[in-house]
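Participant: First the structure, which I've put down as structure tokens, then a few questions once you've had a look.
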Amino acid sequence: MRSDGLAGKGASGRSIDAQEVEKFERMAAEWWDPQGKFKPLHLMNPVRLDYIVTRIAAHFGRDRQAERPFSGLRLLDIGCGGGLLSEPMARLGAEVVGADAAARNIPVARLHAERSGLAIDYRHATAEALAEAGERFDIVLNMEVIEHVADPADYLRSVHALLVPGGLHVCSTLNRNAKSYAMAIVGAERVMRWLPRGTHDWRKFITPDELFDLLRGAGLRPVDRMGMVFNPLGWNWRLFERDLSVNYVTTSVRD
């Protein structure tokens, strides 16, 4: 649902899929419209944030009730889009870099952050470019991105390079099975029309076991995974450890 990104003069890199970037370019102006094309992310955002904040606080020994619990931590939000995750991370005290391959997303994100009084370093760039420039982070968020890149294994090696030893990586994506096709492709794109047709390519979805293998192959140690399940009765999302059938999120560490 989001694009992957990073780099100053233009986002380019081995993991970039030009067709995927173009999809998100066309939708850039609607990032902060809760009833627009990114409605699914607005609905999902509270549960994503709860998982991310819980994992960061536990890993770094931070008090979630503190005013700025993530102060002193440097965080990269890859595929930041309009800043739906970058902004709350900045409010929690992290030094945030938001990066995206879709150029039109960056001005949208910058303007919204300025209006919100937040200092966030937004860049039109790729993971490879940041890694090659020597950028390093305590935390890398990689949410709804990996199913849009050209080479997930190569992409995760760049993520590994971006993390300091002991750094935390949070990655969410979509499982690949009949249920995910029915819900993410047929349901979200064709029936509910939450997303434009063609936003997702079911063949690029990744099973949890495949993702764990990719993470290990990139030098990252998986430590957790959790399903994110949509509740049509309450019209909201919840975390569910035993249901990774469609949306799920993982945590891994660079030892």
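The values are calculated or read from the model by the stated rules, or taken from the named source; none is laboratory data. Because the structure is a prediction, the values reported are computed rather than measured. When we count neighbours, we look across all protein chains shown, and the Cβ atoms used for this are built from the backbone with ideal geometry, even at glycine. Just the protein is used for accessible areas: all its heavy atoms, side chains included, with ligands, DNA and RNA removed. Shrake-Rupley method; radii C 1.70, N 1.55, O 1.52, S 1.80 Å.
Participant: Would you work out which of 244, 141, 92 lies farthest towards the positive end of the dipole of the chain, given +1 charges on the beta-carbon of Lys and Arg and -1 on that of Asp and Glu, about the Cα centre?
Facilitator: 244
Participant: If we sort 80-89, 145-154 on the protection proxy, mean other Cβ atoms within 10 Å, highest first, what's the order? Show your work: numbers first, answer last.
Facilitator: Numbers: 80-89: 26.2, 145-154: 20.8.
Result, highest mean Cβ count within 10 Å first: 80-89, 145-154.
Participant: If you don't mind, another one. Could you check how much of the accessible area of the chain is carbon and sulfur, as a whole percent, using a 1.4 Å probe? Could you put the intermediate results ahead of the total?
Facilitator: Details: 5360 of 10680 Å².
Carbon with sulfur: 50 percent of the solvent-accessible area.
Participant: Per DSSP H run of n ≥ 4, the term is -39500 (n - 2.57); total these for the chain, divide by its residue number, and report the mean residue ellipticity at 222 nm rounded to 500 deg cm²/dmol.
Facilitator: Details: 7 runs with 76 residues, N = 255.
My calculation for the chain gives -9000 deg cm²/dmol from helical runs alone.
Participant: Over the range 114-244, what portion of Cα pair distances is larger than 21 Å, expressed as a whole percent?
Facilitator: 50 percent
Participant: How large is the dipole of the chain about the Cα centre if only Lys and Arg carry +1 and Asp and Glu carry -1, each at its Cβ, rounded to the nearest 20 debye? Don't skip to the end; give the middle numbers.
Facilitator: Working: 33 positive and 33 negative charges, 94 e Å.
Approximately 460 debye in magnitude.
Participant: Hey, another quick one. Filter the chain for me: DSSP H helices, axial length by Cα at least 24 angstrom, mean Kyte-Doolittle hydropathy not below -0.5. List them by residue number.
Facilitator: 39-60
Participant: Can you tell me the accessible area per residue over the chain, all protein chains present, probe 1.4 angstrom, in square angstrom? Walk me through the intermediate numbers first.
Facilitator: Details: 10680 Å² over 255 residues.
It amounts to 42 Å² per residue over the chain.
Participant: Rounded to whole Å and sorted largest first, what semi-axes of the equivalent ellipsoid does the C-alpha gyration tensor of the chain yield via the square root of 5 times each eigenvalue?
Facilitator: Values: eigenvalues 112, 85, 77 Å².
Sorted largest first and rounded, they come to 24, 21, 20 Å.
Participant: Separation of the range 50-114 and the range 119-157 by C-alpha centroid, Å?
Facilitator: Between the Cα centres of the range 50-114 and the range 119-157 lies a distance of 14 Å.
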